[in-house]
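These notes concern the structure reproduced below.
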Amino acid sequence: MESYKVYVEVTVKFSTDGVMMPVEFIWEDGTKYIIDKVKSKERCASRKAGGTGIMYTVLVDGKECHLYYEFDKWFMERKSA
Amino acid sequence: MEKVVLHSDANCFYASVEMLYHPEYVGKPLAVGGDPEARHGIVLTANYIAKRSGVKTGMALWQAKQVCPDLIFVPPRMDLYLKFSSMLREIYSEYTNQIEPYGCDEAWLDVTDSSLLKGNGRKIAEEINRRVKKELGITVSIGISWNKIFAKLGSDYKKPDGITEFNRTNYRELIWKLPVSDLLYVGRSTNRTLQKYGIRTIGELARTDPNFLERQLGKMGLVIFSFANGWDDSPVTAESYHAPIKSIGNSTTTPRDLECDQDVQIILMALTESVAARLRKHGFKCNEVSISIRDNDLYHFSRQKKIQEPTDITDEIMKAAYQLFKENYHWSRPIRSLGIRADDLVMGTVPVQLDLFMNEQRREKQEKLDRAVDEIRRRFGYHSVQRAFMYQDKVLSSLDAQKSHTVHPVGYFNGR
């Protein structure tokens, strides 16, 4: 069984006052996804993937998904393992 | 207004963090334990499933495997747990600035002044409980009361993930039924004494004549008597991890069981060298030395003694530690782990009353010698210079105590 936790490569943008926002990420199959909008950020644990981090709820192609910033890495949840 | 104190306790802290990071082990018994190869093989924390099969903290790995054959072991990741510990504190700090950590998984919070903004004790407790679950993926049990002692009993009352409030109307009915050993500072030997006089519950303790308790247990008799009655007004002292150092200690589980005085001398020397070097590094001297001993049956005790003059000299601390050992251990069993601690610290620059019968010249020489050794080790590594007698057993003396990891328990009274 594969893990539900997928570490992804993320490009982020820092604003002049130091706020970090993800701009795009690359899924494990190499596809690049552009983030249209960050809807919210809050600390949240992911029981499915196993871990905790700052969860960014983002819109990609009109679909909502979650990116977790875990100390110094980014992960996402796989739909099914 | 009466104080509102919360005590928050992260349930099976290390194990809960590991459960979060290993979703594949859901529903399975899990224990966080040391490296079996290096013989530091004891259970640090077990999850509830493992605990139900009889796995207990402090068990050797093989013992735990015996009572629970399916037990999954994961090695400890202290840095991760400390990150969780500070994330917990971050949540607490949104409700009060008066937070007193007790170890890395427990803390007292004085929320008396937060009620206008955040609601009463129960509301805050519920909010913290819910947030920790959602944000960190672990659970906390919280006790609410008007004093720290009862708040702590409350966090123990319903586990995991419970909230218990002890107020003036229900404490007699609830707390007084609890066994007296649940009370903070009623350890094994105090409990034995109390049992001898038929004092089994906290209520029975609360109704005992305090003079009798003082005669039997000394000053601590009065302290636990007050605790049992809820007369504890010690403040929740906001204290960060950078609190002034009160003691410096080191302990180790040895690579093999210690069986004779020479073994003990070697390990004590390695530990003393580490402790004394750290005293010197921070510019402290100690007035008291204590040792702790755990035999291979995991029976544990500690003893301390005052020393004549404040010191940071390795040989003097070693002498005191070894003397303590000789006075208090009679080799009923081999020893599994040893610890030494320098207590009652003062600044190294403290004026000292010279003693006619102590050779101050010699002490000065020893101080210089220690400094020279510290400098050599700083530049060329710990093992670059060794005492000759350490070479009598290279396995034991291979210990570089200063480098190995240590975690210190904190006292309730904070030196008050």
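The values are calculated or read from the model by the stated rules, or taken from the named source; none is laboratory data. Source: prediction; values computed, not measured. A quick note on method: Cβ atoms are made from the backbone with ideal geometry, for glycine too, and the neighbour counts reach across all protein chains shown. With ligands, DNA and RNA removed, areas are computed over all heavy atoms of the protein, side chains included. Shrake-Rupley method; radii C 1.70, N 1.55, O 1.52, S 1.80 Å.
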State the number of residues belonging to the range B:194-228 that are open to solvent by 20 Å² or more (accessible area, probe 1.4 Å), part of a helix (DSSP H, G or I) and not small (Gly, Ala, Ser). 15
Does the range B:20-32 contain any residue that is under 26 Å from residue B:257 (Cβ atoms) and modelled with pLDDT under 90? no
Could you figure out which of (1) more than 14 Å from chain B (Cβ to nearest Cβ); (2) within 19 Å of residue B:21 (Cβ to Cβ); (3) open to solvent by 40 Å² or more (accessible area, probe 1.4 Å) isn't true of residue A:76? (3)
The range B:366-393, subset in a helix (DSSP H, G or I) and among the β-branched types (Val, Ile, Thr), residue farthest from residue B:265 (Cα to Cα): B:376
Looking for whichever is away from every other protein chain (no Cβ under 14 Å) and at pLDDT 90 or above here; the options are B:158, B:133, B:123. Which one fits? B:123
Of the candidates B:333, B:303, the one satisfying the condition of being open to solvent by 80 Å² or more (accessible area, probe 1.4 Å), of a type outside the set (Gly, Ala, Ser), in a strand (DSSP E or B) and touching a strand residue (DSSP E or B) at 6+ places or on another chain (Cβ under 9 Å) is B:303
Mind counting the residues in the range A:57-81 that are outside any strand (DSSP E or B), more than 19 Å from residue A:13 (Cα to Cα) and not basic (Lys, Arg)? 4
Restricting to the range B:1-26, give me the number of residues that are more than 14 Å from chain A (Cβ to nearest Cβ) and touching a helix residue (DSSP H, G or I) at 6+ places or on another chain (Cβ under 6 Å). 7
If you scan the range B:306-330, which residues turn out to be assigned to a loop (DSSP other than H, G, I, E, B), under 17 Å from residue B:362 (Cβ atoms) and over 24 Å from the mean Cα position of the chain (by Cα)? B:313
Selected residue (criterion: nearest to the chain's Cα centre (by Cα)) from residues of the range B:285-300 that are without any contact (Cβ under 8 Å) to a residue 40 or more places away in the chain and not in a strand (DSSP E or B): B:299
Among the residues in the range B:290-308, are any modelled with pLDDT under 85 and of a type in the set (Val, Ile, Thr)? no
Tally of residues being over 12 Å from the mean Cα position of the chain (by Cα) and within 14 Å of chain B (Cβ to nearest Cβ) across the range A:53-71: 1
Taking only the range A:1-21 into account, find how many residues are part of a loop (DSSP other than H, G, I, E, B) and in contact with a strand residue (DSSP E or B) (Cβ under 7 Å, 6 or more places away or on another chain). 2
So in the range A:22-48, with the set limited to residues that are within 12 Å of the chain's Cα centre (by Cα) and part of a loop (DSSP other than H, G, I, E, B), which one is farthest from the other protein chains (Cβ to nearest Cβ)? A:35
Residue B:115 passes all but one of (1) of a type in the set (Gly, Ala, Ser); (2) more than 24 Å from the chain's Cα centre (by Cα); (3) within 14 Å of another protein chain (Cβ to nearest Cβ); which number fails? (3)
Candidate set: the range B:136-145, residues that are under 25 Å from the mean Cα position of the chain (by Cα) and open to solvent by less than 20 Å² (accessible area, probe 1.4 Å); chosen: the one farthest from the other protein chains (Cβ to nearest Cβ): B:145
